[in-house]
């Protein structure tokens, strides 16, 4: 790579000789210019990497020169140098998309810092990020050897997500691969942790917050402590996706607190989301509300009574709240709610269940174009973010902020990119989910599943006397021996949920106050 080419424009350029010599000694190639008109011509003929531009020049001013150069060279970084600290000059320059802004007199090190900031920025960040992760890698590895509590698992998972987002924009693919292997190791250990502890959690008052205790323990106290709350449950939202959406939400809301809770098993909508709204485990739902609960093999929609479940829970908790419940499954519903959102301002609690991310994960399985657009976790996050910033949901959040509503954002379960097939055999009534199975006479690889012979042990309904449940570990998915290769090819590298992984089970629940 050749020397970096700098154009320095100043009507007193000769007085800057010491600065220019300093930069040339550092290996930079500096072209001098003493007026705006010549600077514009030079930009046409020479491929400069950066321009230093004096704001106060006779003839064409610095701002006029800036505007004319930017007209033809939008991506050329321009650093404005001025004697004046007048606010309007700064605002004009910043509005014209300058790369940096320096006040005279400038010293050579300020110039050098500006160059590094603007030209070496991504390389320096990449090097620093790689170095920091290399140091953190050892700490995470040590933590994984010692981890033995719910809180420690939440911290490890959040740490892995932090580094995944930090590393996603650097060019060192080796570091990304190391992180992937660390996540895989973490999921393997997490599977063992869940296998050993999950059943006990369901009998223990000191258990982590689970789907069925989320409303009572986290959401309701917030609702009772505010003049109006918007609860948004975005179906199938993982922690990493939440982190990306949060960047936009922060423009309107300030995060007051973020708590994590654990999805119940199976980490599937009909179980986990119904548990949130009913405040009950699936076995209890089946007993108390047989008219609302449907098992895997029953005909019809499995999440048609979430609103009824919520009102039954409020009745049990003796809460007489004014509640609005909205389920958004398409853009038309979303736009209608956004248009009429002010009508919800008298509610104590407005609940929105938003189904886009779930549809996106299913579309990745079924549509080639989505497979291309969401080929990996980074692309999947990007696609989720693109939806969010253009969605009626963001408009609803903006309106909620103007109404002064508290905002709670959560989900029912996450999802995992399923890559490893494992064979399962069962009778014809076996459930269809790829990350868990329930039915009679299940045959499977013992090491690759958490098997529960008696579903009542983990508060799940029993379809038949001999029915059991199995849950896939890590990034495995179940495949039948019949037509095995075709099935595996079709479902490999698709987003699934229902099993046991950090991504599916550790769920964000964030509480925001309007800015």
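The values are calculated or read from the model by the stated rules, or taken from the named source; none is laboratory data. None of these values were measured; they are calculated from a predicted model. Here the Cβ positions follow ideal geometry from the backbone for every residue, glycine too, while neighbour counts run over all protein chains shown.
Here residue 241 does not fit the description of being surrounded by fewer than 24 Cβ atoms within 10 Å (Cβ to Cβ) and within 18 Å of residue 413 (Cβ to Cβ). The selection criterion, being without any contact (Cβ under 8 Å) to a residue 12 or more places away in the chain and in contact with a helix residue (DSSP H, G or I) (Cβ under 6 Å, 6 or more places away or on another chain), holds for residue 462.
Scanning region 138-165 for residues that are touching a strand residue (DSSP E or B) at 6+ places or on another chain (Cβ under 8 Å) and over 21 Å from residue 177 (Cα atoms), which turns out surrounded by the most Cβ atoms within 10 Å (Cβ to Cβ)? So the residue we want is 153. The number of residues in region 468-486 being without any contact (Cβ under 8 Å) to a residue 40 or more places away in the chain and in a helix (DSSP H, G or I) comes to 2.
(1) in contact (Cβ under 8 Å) with a residue 40 or more places away in the chain; (2) closer than 27 Å to residue 224 by Cα: which one isn't true of residue 241, the others all being true? So the condition that residue 241 fails would be (2).
The one condition from (1) at pLDDT 95 or above; (2) more than 29 Å from residue 196 (Cβ to Cβ) that residue 301 does not meet is (1). Pairs meeting the criteria (first residue in region 211-222 and farther than 12 Å from residue 509 by Cα, second residue part of a helix (DSSP H, G or I), beta carbons under 6 Å, at least 6 apart or on different chains) are 212/275. Could you tell me which of the residues 319, 313 is in the same structural domain as residue 387 (by TED's automatic domain parsing), out of contact with any strand residue (DSSP E or B) (no Cβ under 7 Å at 6 or more places or on another chain), touching a residue at least 24 places away in the same chain (Cβ under 8 Å) and within 29 Å of residue 469 (Cβ to Cβ)? So the residue among 319, 313 that is in the same structural domain as residue 387 (by TED's automatic domain parsing), out of contact with any strand residue (DSSP E or B) (no Cβ under 7 Å at 6 or more places or on another chain), touching a residue at least 24 places away in the same chain (Cβ under 8 Å) and within 29 Å of residue 469 (Cβ to Cβ) is 313.
Listed conditions (1) touching a strand residue (DSSP E or B) at 6+ places or on another chain (Cβ under 7 Å); (2) buried (at least 20 other Cβ atoms within 10 Å of the Cβ) are all met by residue 381, apart from (1). The residues listed here are 361, 386; of these, the one that is modelled with pLDDT of 90 or more, closer than 19 Å to residue 244 by Cα and not assigned by TED's automatic domain parsing to the domain that holds residue 436 is 386.
Within region 300-310, can you find the residues that are under 12 Å from residue 280 (Cβ atoms) and touching a strand residue (DSSP E or B) at 6+ places or on another chain (Cβ under 9 Å)? Scanning region 300-310 gives a single hit, 310. What do you reckon, is residue 230 at pLDDT 95 or above and either surrounded by fewer than 16 Cβ atoms within 10 Å (Cβ to Cβ) or touching a strand residue (DSSP E or B) at 6+ places or on another chain (Cβ under 6 Å) (or both)? It is true that residue 230 is at pLDDT 95 or above and either surrounded by fewer than 16 Cβ atoms within 10 Å (Cβ to Cβ) or touching a strand residue (DSSP E or B) at 6+ places or on another chain (Cβ under 6 Å) (or both).
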